[in-house]
Amino acid sequence: MGKIKAVIFDMDGVLIDAKEWHYAALNRALDYFGMSLSRLEHVTTYDGFPTRKKLEMLSIEKSLPHELHDFICRLKQQYTLEEITLKCKPQFIHQYALSRLKKEGYRLAVCSNSVRDTIDLMLRKADLMPHLEFFLSNEDVEHHKPHPQMYQKAISRFGLSPAECLIVEDNPQGIKAARESGAHLLEVKDPKDVYYDNIIERVTEIDAGAGA
Ligand SMILES: [Mg+2]
């Protein structure tokens, strides 16, 4: 085994194609109050942040009353769990990638800006939990991504140095967090990029001393 000992995955947009589910769930909740987000707004501005942060942004940009945040958060969470239950299924490329990496001795974890229950349900429905040592949610840190705390915590939980870890990320908040943690980065566009050959190619590049 080379320099890289662990691979840490973001969840949404990396292991799970959940963008649409979060978008639909938030809009269903906002719809009660005559508000909605366009797909463009979601993709360019809101995607990748925890729901509470999205609601703070909506209060600033669209005058959503603060008193509604708790209620909308609970509704959104309920709708998200419904979406996951209906739509989240195991994907062969991810099951294969994670099981093979694990068999080869790499230690695996997930760090996500989602809440714990959402991550737990998604990873179980996608049948990825057996390959992971642990996952961290936005409830396990004081500062969610783009702050690097979640990745720093995962790296220290492994008992490794940042240089021994590879982080797989898809969006600007996560990429900023990954870079600031000091670990190596594999940037992907969507979950289809997260397959064994792609990950191991990046690991080999780092082990050869080519990639920072
Ligand atoms: Mg993501």
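What follows draws every value from the coordinates through simple rules; no lab data is involved. What you are looking at is a predicted structure, and each value in this text was computed from that prediction instead of being measured. Note that we place each Cβ from the backbone using ideal geometry, even for glycine, and neighbour counts take in every protein chain shown.
Observations on the model:
- Efficiency of FRET from Cβ geometry, I93 and H143, R₀ 25 Å, rounded to 0.05: 0.20
- The gain in end-to-end length when the T204 to R100 segment is fully stretched comes to 35.9 nm, 0.36 nm per residue minus the alpha carbon separation.
- Just checking the listed ones, D170, D127, D31: in the Gaussian network model of the chain with Cα springs under 10 Å, the one fluctuating most is D31.
- In terms of Cα atoms, the Rg and Dmax of the chain work out to 17.3, 55 Å.
- Rounded to 10°, Cα long-axis angle of helix 92-103 versus longest principal axis of the chain: 40 degrees
- Taking M35, M150, M11 as the candidate residues, the one with maximal mean-square fluctuation in a Gaussian network model of the chain, Cα springs under 10 Å, is M35.
- As a rough footprinting exposure proxy, the listed residues F158, F135, F33 were ranked by other beta carbons within 10 Å of their own, and the order from fewest upward is F33, F158, F135.
- Residues in region 1-26 that a label on E82 would reach, taking backbone N under 16 Å of a point 7 Å out along Cα→Cβ: 21-26
- Relative contact order [Cα under 8 Å, 6+ residues apart], the chain, whole percent: 30 percent
- Highest mobility in the GNM of the chain, judged by mean-square fluctuation with C-alpha springs under 10 Å and restricted to A109, A24, A178, is found for A24.
- Positive-end ranking of H131, I155, L166 along the dipole of the chain, with charges on Cβ about the Cα centre, is headed by H131.
- As a rough footprinting exposure proxy, the listed residues C88, C111 were ranked by other beta carbons within 10 Å of their own, and the order from fewest upward is C88, C111.
- On Cα atoms only, tilt of 172-181 relative to the major axis of the chain in degrees: 40 degrees
- Per DSSP, loop GluC sites (Glu not before Pro) in region 101-183 with at most 15 further Cβ within 10 Å: E104, E133, E142
- Close amide H pairs (under 5 Å, H built 1.01 Å from N) link R107 with A6, V7, residues at least 5 positions away or on another chain.
- Gained length - E20 relative to M57, 0.36 nm times residue gap less alpha-carbon distance: 11.4 nm
- Dimensions of region 19-87 based on its C-alpha atoms, expressed as ranges along the principal axes with the largest first, amount to 33, 25, 20 Å.
- Along region 22-35 the Karplus relation, 6.51 cos²θ - 1.76 cosθ + 1.60 evaluated at θ = phi - 60°, assigns HN-Hα couplings of 5, 5, 5, 5, 5, 5, 4, 6, 5, 4, 4, 10, x, 10 Hz to successive residues, with x for each Gly and Pro.
- Using alpha-carbon coordinates, inclination of helix 69-87 to the longest axis of the chain, degrees: 60 degrees
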